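Read through the structure below, which is laid out as structure tokens, and then see the notes.
All of the numbers you see were taken from the coordinates with simple rules; none came from a lab. What you are looking at is a predicted structure, and each value in this text was computed from that prediction instead of being measured. For neighbour counting, all protein chains shown are included, and Cβ atoms are generated from backbone atoms with ideal geometry for every residue, glycine included.
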Amino acid sequence: MVVNMDSICQWLFLSTLLLLNLVVAEHNGFSIRIIHRDSPESPLYPGNLTLEQRLERLHNQINDYVSRLASVFERSSTNRSETTEPTWISPPVAIRNPYFIAIVGLGTFEKPQIDYKNTYLMLDTGTSVSEGYLGGERFTFNSDDGATESVNLVFGCGFDQKRFPFGQGNPVTGILGLGYGPHSLLNQLGARGQGRMSYCVPLWREEAGTSTFLRFGQAAQFKPGQQIRTTPLIQGQLNKAFYYVELLDISVAGSHIHYLPEIFAIRPDGNGGTILDTGSPLVLIRRDAYTALKNSVEHYFSQVQTPPISMFGLDLCYSLLAVRNVIDDIGAPTITFHFGGADLEIKTAFVISANYLCMTIIPHDYYQVSLIIGSFAQSNYRFLINVGDKTVSFAEDECGHGS
């Protein structure tokens, strides 16, 4: 089958949500500047938004992500042979509402014409699926000093995107996969990438105007003096592109919920488990486990007389007026994830609008995964994924401009 270059550019599918437009390449490392989709530099810039408008956009992102998740699980539950597997690519939100995007040069053209054609790609660490054919091409990234760096990569030309409205009117033409799979960018960088990738997601209230970097190889490092926590990466059985980690328990305001060990573990049939996915803005937790977490948060606010409601697609919201005394006195409750060998305190477990305080953890009803740790839970931490050592490490950081 013959595929022309324009079709390939339209249907790249190699997801989360900062706009990558500058890459600084070194022999011992590789860094890509990423910009939030709501940045003035983004082709999706919506103009100045109120906090409520941003929460409404967040609601749309959640809906798109959950729809996309259903497609991923539908694909992973389908039996495929080794001969058909290479035509599928499933590589830190949904295509209609991407969170971070990248400007990438694609192709090899004869001079004196252009050297490559720029295209916008989403970033994803786990939950994008498309069906099509594999190909090879030169990808070019622009550095902040005006230079460019090119890398030859295997990529997918997708002809069957479920719920992915690529095409006319959408400046985002594909997905740059950063997952655990063999065709992800991290693995294809080879010796240059050294199987190491780090990122630092800004806090939600600050991220729209902040650019940060994806860093690979020796460029993926922590600062001196940072307290580094490390937990093992676990290889999944049904979807090998996901970054699975061992979540043992969750605590609210320092009190452990004491979940049974099997609640967040990968089950014998390959379903379940806990994954890191910056493609999701929020934390999604199976409803049976969510109930205990919700009860713990409601107990923290037990002196509040006004019952919680659902707002902006978030399940647990309190009137800010009702909880003001609690917030002023002792603050919102801390929520901490307890992994094997490491604890992660969520910096954005709650968001505050003009009138409401809402928890950024919501329930889901999918059997295939127990809990998804999205970008909110990872914000203001530097995460370093090392697929060679099969570990993920993180340390508190100020994920500001240029981090």
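Below, the figures for the structure above:
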| item | result |
| --- | --- |
| Fewest-first ranking of T119, T230, using other Cβ atoms within 10 Å as the exposure measure | T230, T119 |
| Long-range amide H partners of F339 with built H, under 5 Å | L248, L344 |
| The stretch 378-403-the stretch 213-288 distance, computed between alpha-carbon centres (Å) | 13 Å |
